[in-house]
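Okay, so here's the structure we're looking at.
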Amino acid sequence: SQSVISRLALRRRTTGTVRDRPRSGAPRVTDRNDDQYLRTYSCRPVYEIRPLQVTPLTPRHRRERLQWAQDHVTWTMQQWSTVLLHVALPLLFVLILRTLNKYFI
């Protein structure tokens, strides 16, 4: 606009340059990446930021987990792939549904 051009011309005549002059106030503490990070996390609900609190395992649970690990330590990749397929597909389906609901509802 005309006022911007007028101000730049005046600045050029008085200072010899059109660069911004030093400003008063505190220097910046964050950069663009920090600002983006802060904007991202300020929009999230508090429960997504707080760490998950878990109940300590009982002696029975420890025994059962150790037994399960000992039973499966010799499994082959083929055996694990069948388990992962059964676990991952339902989770993937839920993720897709949530994404669709977010954009289309």
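Assorted remarks:
- Hits in the stretch 1-31 - residues which are at pLDDT below 75 and assigned to a helix (DSSP H, G or I): GLN2
Here is a yes/no grid of residues against (1) among the small types (Gly, Ala, Ser); (2) at pLDDT 80 or above; (3) more than 28 Å from the chain's Cα centre (by Cα):
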residue	(1), (2), (3)
ASN33	no, yes, no
ARG39	no, no, no
ILE49	no, no, no
PRO59	no, yes, yes
MET77	no, yes, yes
LEU84	no, no, no
VAL87	no, no, no
PHE93	no, no, no
TYR103	no, no, no
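- Within the stretch 1-35, being exposed (fewer than 10 other Cβ atoms within 10 Å of the Cβ) and either of a type in the set (Ser, Thr, Tyr) or in contact with a strand residue (DSSP E or B) (Cβ under 6 Å, 6 or more places away or on another chain) (or both) holds for SER1, SER3, THR14, THR17, SER24.
The values are calculated or read from the model by the stated rules, or taken from the named source; none is laboratory data. Since the model is a prediction, treat every value here as computed from it, not as a measurement. Because the Cβ atoms are built from the backbone with ideal geometry, glycine has one as well, and the counts that use them run over all protein chains shown.
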